[in-house]
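The values are calculated or read from the model by the stated rules, or taken from the named source; none is laboratory data. Note that this is a predicted model, so its numbers are computed, not measured. We place every Cβ from the backbone using ideal geometry, glycine too, and count neighbours over all the protein chains shown. For the accessible areas, the whole protein counts, side chains as well, though only heavy atoms, and no ligand, DNA or RNA atoms are used. Shrake-Rupley method; radii C 1.70, N 1.55, O 1.52, S 1.80 Å.
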Amino acid sequence: AAAAALGLLPLGKTQSPESLLDIAARKVAEKWPFQRVEERFERIPEPVQRRIVYWSFPRSEREICMYSSFNTGAEDPAAGPGSAAA
């Protein structure tokens with residue numbers, strides 16, 4: 001009620017705090033690729049694995065588009081097979 005009165009939350013809306021599991025999984029996903037986590041640690045409980053994988057994927061539509069069209073620069077697909085790149 002106090003937060004809503006201060007204008008921090010819309011009236012009638014409450015937020016529950018993030019779980020420690022989600023906070024930790026998000027921080028791990030921000031720092032390391034999941035493959036590295038799997039290689040580094042012998043046993044990772046399945047709920048922890050699921051949350052790390054969840055936080056490993058981009059959240060915004062813009063980031064999803066950027067990663068889905070990621071080009072490694074190995075070859076120009078417009079050039080076609082057998083053509084020489086300038």
- Message: For the pair Ser60/Ile23, report the inter-label distance in nm, with labels modelled 7 Å from Cα in the Cβ direction.
- Response: 2.4 nm
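What number comes out for accessible area per residue over the range 20-69 if the probe is 1.4 Å? Units Å², please. Could the numbers behind the result be given before it?
Working: 4420 Å² over 50 residues.
Counting only protein heavy atoms, the per-residue value for the range 20-69 is 88 Å².
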- Note on the structure: Placing one equal point scatterer on each C-alpha of the range 20-69 and summing with Debye, one gets log10 I(q)/I(0) at q = 0.18, 0.25 Å⁻¹ equal to -0.58, -0.93
- Extreme residue, positive dipole direction of the range 20-69, given options Ile52, Leu20, Gln35 (C-beta unit charges): Leu20
- Item | Accessible area of the range 20-69 belonging to carbon and sulfur atoms, whole % at 1.4 Å probe | 55 percent
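What percent do you get for the relative contact order of the range 20-69 when only Cα pairs under 8 Å and 6+ apart count? Please list the in-between numbers first.
Details: 24 pairs, mean separation 23.8, N = 50.
Rounded, it is 48 percent for the range 20-69.
Work out the length of the dipole vector of the range 20-69 about its Cα centre, built from +1 on the beta-carbon of each Lys and Arg and -1 on the beta-carbon of each Asp and Glu, and round it to the nearest 20 debye. It would help to have the intermediate numbers written out before the result.
On the way: 10 positive and 8 negative charges, 27 e Å.
With only Lys, Arg, Asp and Glu charged at Cβ, the dipole is about 140 debye.
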